[in-house]
Protein chains: 4
Amino acid sequence: MTSSLKMNRQAMVSFLQTEFPQYVGEVSEVEANYSLLRQPINETHLRPGGTVSGPTLMALADVALYVAILSKIGPVALAVTTDFTIHFLNKPRADRAIMAKASLLKQGKRLVIGEVELYSEGETDLVAHVVATYSVPPLK
Amino acid sequence: MTSSLKMNRQAMVSFLQTEFPQYVGEVSEVEANYSLLRQPINETHLRPGGTVSGPTLMALADVALYVAILSKIGPVALAVTTDFTIHFLNKPRADRAIMAKASLLKQGKRLVIGEVELYSEGETDLVAHVVATYSVPPLK
Amino acid sequence: MTSSLKMNRQAMVSFLQTEFPQYVGEVSEVEANYSLLRQPINETHLRPGGTVSGPTLMALADVALYVAILSKIGPVALAVTTDFTIHFLNKPRADRAIMAKASLLKQGKRLVIGEVELYSEGETDLVAHVVATYSVPPLK
Amino acid sequence: MTSSLKMNRQAMVSFLQTEFPQYVGEVSEVEANYSLLRQPINETHLRPGGTVSGPTLMALADVALYVAILSKIGPVALAVTTDFTIHFLNKPRADRAIMAKASLLKQGKRLVIGEVELYSEGETDLVAHVVATYSVPPLK
C-alpha cells in the first residue's frame, strides 16, 4: 500500500463531474491511505422509520471505493466491481450526512480489494461496513 | 421452505404502493418458492459504456428479497437487511429490463437468508447473484 | 455455462489423490452442471453440542468448487480462491455425511464464480450456502 | 465498543483448553479493542506451491473472532457463526506463523459483527481479511 496518489481531490472532483454527473455527493478528502466522501441526506434517501435506505449506503460505498482506486491508478482506468459485501451495523441518522471512508486492502495488478466504513457525520459508531473487489485493466 | 404464502402478488403490489412509493419496478410473480420482480431500465440507471449501474442491481435485489420475505411472513413485519453480498457476473444489457428472482434459503424465527438471481429479460446468463440476511421480528 | 467437461469423475479422483492427498472425502459425481462431494463425518469434525464445525463445512465447500472448476478447465490449471462467503443455515447432523453440491455461476477467462449447497446426506434442508470467486490462469 | 473485558487472556486460554482442545494455536493478546491469535504453521497447513491453505486461514479467523466476542460477553455464552466472508489478499509465507487480529464492528444484543486481519508474523501486508456475523444468546 505504498503507491502514491495519481489523482488528488481536485482532479477527482473534476473527473466525477464529467464522468459521473449523477453523483451528487461530495469528495471531502483524497489521501494516500484513504478517500472520504460525504453524502448529504434528503427525503429521497429515507425509508419508513426515518432511516437512510440500504441502497443509498451501498451506492455511496461503491463510489467511495471507486474514488480510492482511481486516486491510485489514475483516471484512464476502468474499474469494475466484481463482488461487494455490506454489513449493516447501526441505524443511520436521518438528519445527518453519511460519510464513507474507503481504503485499499490490496492493490493487485488485476484485482483491487478495499473496505469502506460508513457513519453518520459527527458520530463514532459505524452504520455499515463494506468490503469489495474491483477488476482493473492491467497497468502498463 | 414449506410455509405457505401470507401475501399474494396483488396484496404485495398494494402494500408496496403504500409503503414504498419510491419503488417504480413491477412485481411480476409471487409464488410459494420465489418472487420475481421486473425493473424497466432507463437513462438514469445506466453507467458510461451503456451498462446498468451496480447500485441499480443492488437496490432491485434488496427489494426482491424483501418481497419474498414479506410474502411468507405478512405485511406487518419489519424486515431489516443485516448483510448483503453481491457478485457481478455478466454485463447487463442497457436496452432490456432487469429481472430479479428471489428465493429463501432459510426462514428462521429471527433471521431469514435468501438469494437472488438477476438477469436481463429474455436472457439466460445471470448478470449478478446476491445472498443476503434479514433480521425479522419474532413471529407470534 | 455450456462448456463441456475436461475431467470426469475418475480423472478427478486420480488428480486429487496425487495433488491433494490430504483430502479424505469422496467425489460422488462430476457432471456438466455440478459436482457433488461427500464428506464422512467423525469425531474430529464435531463441535461441542454435537454439530459439524464451521471450518469443516468451509473446507469441504472450497474443495467442491475447486473440483467443479477443474472439471471445466482441466487439471493443469491453478485456481486460487479470491473471495468466499458462507451463510450457515441449519445445524448439520453429527451422524451423517455432509454433501456439497457445487455449480458455476460464471466461467470467465480469469475469474470463475460458483456456489455450493451443503446438506446432511439424506436431508433436504441446507446446512450452509457458499458463493465464491476463483482466479484462474488465462485459458489458451 | 466501550464495553469492558469479561475474560482476560489467561481466562481465555483456560476456557479454550477445556472447551476447544482441538485448537492448537496460541492466544497472544486479549485487549479491549481486539484479540490477537498466533497459529504456528506446519506441513499439514500447506498447499502445493508452499502456501498456507485457505481453510487454515478461515478456521483461524473463526476462532479469533470467537475469542474477541467471548472476551466481551463471557464464557457462558454460545456464539454461532451466521455469515462469514473472506477475501484472500496476498500469499502467506510457508515458514512463518499466521497472526489473526480480530475486532468487533458492532456488539448488538443478538448479533455481533466483527472483522479479522490475517498476516504472516513479522510482515505488514495482509494475507486475508474476514468480516463475519455471530448470533449470540440475549444478554441478561
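Here is how far apart the B:LEU46 label points are across copies: 3.3, 5.5, 6.1 nm, shortest first, using a point 7 Å from Cα toward Cβ.
3J(HN,Hα) along segment A:116-129, derived from phi through the Karplus expression 6.51 cos²θ - 1.76 cosθ + 1.60 where θ = phi - 60°, amounts to 9, 9, 10, 8, 6, 3, x, 9, 9, 5, 6, 8, 6, 9 Hz, with x in place of Gly and Pro. Per atom type, the protein assembly as shown shows carbon and sulfur on 51% of its accessible surface, probed at 1.4 Å. Think of segment D:9-135 as having a plus end and a minus end, set by charges on the Cβ of Lys, Arg, Asp and Glu; of D:SER53, D:SER135, D:LEU104, D:SER135 sits farthest toward the positive end of this dipole. The contact between chain B and chain A removes approximately 1600 Å² from the accessible area (both sides summed; 1.4 Å probe; ligands, DNA and RNA excluded).
For B:GLN17, the point set 7 Å out from Cα toward Cβ sits 4.3, 6.6, 6.9 nm from its twins in the other copies, listed from shortest up. When all alpha carbon pairs of chain D are counted in 5 Å bins from zero, the resulting P(r) reads 2, 11, 22, 23, 20, 13, 7, 2, 1, 0 %.
Rolled with a 1.4 Å probe across the full set of protein chains, the surface gives A:THR18 an accessible area near 100 Å².
Averaged over the residues of C:46-53, the number of partner chain Cβ atoms lying within 10 Å of the residue Cβ comes to 2. Among chain A residues, the one whose Cβ is nearest the axis of the rotation from A to C, given with its distance rounded to whole Å, is A:ASP83, 3. Report summary: the helix-based calculation at 222 nm, which adds -39500 (n - 2.57) for every DSSP H run with n ≥ 4 and divides by the residues of chain B, gives -7500 deg cm²/dmol. 3J(HN,Hα) along segment D:32-49, derived from phi through the Karplus expression 6.51 cos²θ - 1.76 cosθ + 1.60 where θ = phi - 60°, amounts to 5, 9, 6, 10, 10, 10, 10, 10, x, 10, 10, 3, 5, 9, 8, 10, x, x Hz, with x in place of Gly and Pro.
Of the chymotrypsin sites (Phe, Trp or Tyr not before Pro) found in segment A:32-105, not one falls in a DSSP loop while having at most 16 other beta-carbon atoms within 10 Å. Between amide H atoms placed 1.01 Å from N, distances below 5 Å from D:ILE41 occur with D:ALA97, D:ILE98, all of them 5 or more places distant or on a separate chain.
Placing a label point 7 Å from Cα along the Cα-to-Cβ direction at D:LEU78 gives distances to the equivalent points in the other copies of 2.9, 4.4, 5.2 nm, listed shortest first. Taking loop as defined by DSSP and a crowding limit of 10 other beta carbons within 10 Å, which trypsin sites (Lys or Arg not before Pro) in segment D:30-134 fit? Passing sites in segment D:30-134 are D:LYS109.
When the alpha-carbon atoms of the protein assembly as shown are used, the pair Rg, Dmax equals 22.7, 62 angstrom. The Cα center of segment D:45-109 and the Cα center of segment C:7-48 differ in position by 24 Å.
Of the whole protein surface, B:VAL63 contributes about 20 Å² of accessible area at a 1.4 Å probe radius.
So for each of C:6-17, D:126-137 I average, over its residues, the number of other beta carbons within 10 Å; can you give me the resulting order with the highest mean first? Present the calculation step by step, with values, prior to reporting the outcome.
On the way: C:6-17: 15.5, D:126-137: 22.8.
So the peptides C:6-17, D:126-137, ranked by packing, come out D:126-137, C:6-17.
Solvent-accessible area per residue in the protein assembly as shown equals 43 Å², computed with a 1.4 angstrom probe and all protein chains kept. Shown in residue order for segment A:13-24 are the 3J(HN,Hα) couplings computed by the Karplus curve 6.51 cos²θ - 1.76 cosθ + 1.60 at θ = phi - 60°: 4, 5, 4, 5, 4, 7, 8, 10, x, 6, 7, 10 Hz (x for Gly and Pro).
Annotation: amide H-H contacts under 5 Å for D:LEU89 (H modelled 1.01 Å from N, sequence separation of 5 or more, or interchain): D:ALA128, D:HIS129. For the set C:LEU46, D:LEU65, solvent exposure ranked by accessible area (probe 1.4 Å, protein chains only) runs largest to smallest as C:LEU46, D:LEU65. Near C:LEU105, the amide H atoms lying under 5 Å from its own belong to C:ILE113, C:GLY114, C:GLU115; only residues 5 or more places off or on other chains count, and H is placed 1.01 Å from N.
The values are calculated or read from the model by the stated rules, or taken from the named source; none is laboratory data. Only a predicted model underlies this, so the values are computations on that prediction, with no experimental measurement involved. Ideal geometry is used to build each Cβ from the backbone, glycine not excepted, and the neighbour counts take in all protein chains shown. Ligands, DNA and RNA are excluded from the accessible area calculation, which covers all protein heavy atoms including side chains. Shrake-Rupley method; radii C 1.70, N 1.55, O 1.52, S 1.80 Å.
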